[in-house]
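Visitor: Okay, handing you the structure first.
A short reminder: the numbers here are calculations on the coordinates, not readings from a lab. Treat the numbers as computed from the prediction; the structure is a model and nothing was measured. Every residue, glycine among them, receives a Cβ derived from its backbone with ideal geometry; neighbour counts consider all protein chains shown.
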């Protein structure tokens, strides 16, 4: 099993180019099921979850291939198997995103309940209720969602009790081919949702209101092929900026959108970090330790966008472990997303849990230690802590980090990190999907 080994205590300086966003690319790939034509994807990251989604589409009969320019071509016109078996979806929650498109196109679908990170219950009940409102008959048997809409889906007014990103994406995709108008209220506003809506419009969908709490979709008879681009991974950008901050360095990230990280950037400014940005870049300079400046503590509570992202909670906690003073971090999205706490404590962090709030008292130094990743973002927090710690940190179960960070060791090495992977080779892109 792969391990990442870090020699910490080295300030990081330099520039990192940000990859396409996993959380945007996965629904974009699912959207290919709706298109009566080839869809060409630009800026698709090479990640484990992407590989899984590509395999799932191929299993359904789609042609899936990268070209010489690293663009991904997906053609689902010959797809004839609206099934997502457990063997393919057990490691990835985003596999639920194929349910809406399969049902809209074929009138029936069988999708196994998905897996993913063990960060708490993430039910798809809201997805199913929305599809039922659109005319689907749904049964859940032995962990498999069996959905039928032999007369096709129809428009409906759908109100989410809680904001759900994948639920918004799933129903928005299904509604593109439904008869009539669908209105989704209390919709997710995340940049990834906007990227999906814009991409669907490029394929012929009629969607308005994305980026707000109400999205309106007018169903059309069919979508066509086209070329679409994945937005920058805002979580990756903030993680690498945090790597510079926690090590006392100076990092610039490029090919990213500062507006997508407003909540994060506002918070780190209050911590004493100098932030500069342009149209597609962000620079963060940590407080200068040689001048007696220190990173200051602050409090956060995770919220749906435009609030502080839950996917940055673990990384921000790592920062607060070395900040001056005491900070409170409240997790309001997932009930079990503090599993990194005990691993950070192994490195010398002072963290106390009180329900859904972590109370962090900053320490002057972390120490390298053997630690274990428990989920994708927890693994990122351990990398950050290891970069700042004195001595050697060995992180096991790093397959979690491969689900969301493309070439993480290479990108960190280019800004001065002493990081290595002890690897067992594994091909991220499935056989038969590479350009020959």
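Visitor: For labels at residue 280 and residue 206 in the simple 7 Å Cα→Cβ model, what's the distance in nm?
Guide: Inter-label distance under the simple model: 3.3 nm.
Visitor: Which whole-number percent is the relative contact order of the range 22-229 (Cα, under 8 Å, 6+ apart)?
Guide: 21
Visitor: Let me ask another. As I understand it, the value is the acute angle between the Cα axis of helix 234-246 and the longest principal axis of the Cα atoms of the chain; what does it come to in degrees, rounded to 10?
Guide: 0
Visitor: Still on this model: In degrees from 0 to 90, rounded to the nearest 10, what is the angle of the helix 48-59 Cα long axis to the longest principal axis of the chain?
Guide: For 48-59 against the chain, the angle is about 10 degrees.
Visitor: A further question follows. How would 284, 71, 321, 271 line up from fewest to most surrounding beta-carbon atoms within 10 angstrom?
Guide: Fewest to most other Cβ atoms nearby, the residues stand as 71, 271, 284, 321.
Visitor: Here's something else I'd like to know. Just want the ordering: 140, 163, 275, from fewest to most Cβ atoms lying within 10 Å of their own Cβ.
Guide: 140, 275, 163
Visitor: What is the ratio of the Cα radius of gyration of the range 248-365 to 2.2 N^0.38 Å, with N the residue count, to two decimals?
Guide: Cα-based Rg divided by the globular estimate yields 1.07.
Visitor: Modelling each spin label as a point 7 Å along the Cα-to-Cβ direction, I'd like the residue 363/residue 181 distance in nm, to one decimal.
Guide: Between residue 363 and residue 181, the simple spin-label model gives 5.9 nm.
Visitor: Which distance in nm do the two modelled labels at residue 78 and residue 290 give, with both placed 7 Å along the Cα-to-Cβ direction?
Guide: 6.2
Visitor: Now for a different question. Is the chain rounded, prolate or oblate when judged by the Cα gyration tensor, a ≥ b ≥ c being the square roots of its eigenvalues, rounded requiring a/c under 1.5 and prolate requiring a/b larger than b/c?
Guide: Because a/c hits 1.5 or more and a/b exceeds b/c, the chain counts as prolate.
Visitor: Given Cα pairs under 8 Å that are at least 6 residues apart, what percent is the relative contact order of the range 1-98?
Guide: Normalised by residue count, the contact order of the range 1-98 is 27 percent.
Visitor: Continuing with this model, one more query. Expected output is a single nm value to one decimal: the length gained when fully extending between residue 392 and residue 157, i.e. 0.36 nm times separation in residues minus the C-alpha distance. What is it?
Guide: Here the answer is 79.1 nm.
Visitor: Turning to a different aspect of this structure: By count of other Cβ within 10 Å, fewest leading, how are 346, 105 ordered?
Guide: Ascending Cβ contact count within 10 Å gives the list 346, 105.
Visitor: Still on this structure, please answer the following. Under 16 Å from a point 7 Å along the Cα-to-Cβ line of residue 227: which residues of the range 38-61 have their amide N that close?
Guide: 38-44, by backbone N distance to the label point.
Visitor: Any idea what the alpha-carbon Rg over 2.2 N^0.38 Å comes to for the range 22-229?
Guide: 0.91
Visitor: So, R0 is 60 Å and r is the distance between the beta-carbons of residue 342 and residue 148; what FRET efficiency does that work out to, to 0.05?
Guide: 0.85
Visitor: Over the Cα atoms of the range 314-418, what radius of gyration and what Dmax do you get, in Å?
Guide: Over the range 314-418's Cα set, Rg and Dmax evaluate to 13.2, 39 Å.
Visitor: Where in the range 222-239 is the amide nitrogen less than 16 Å from a point lying 7 Å along the Cα-to-Cβ axis of residue 69?
Guide: Those under the cut-off are 226-230.
Visitor: How far, in degrees from 0 to 90, does helix 22-31 lean away from the longest principal axis of the Cα atoms of the chain, to the nearest 10?
Guide: 10
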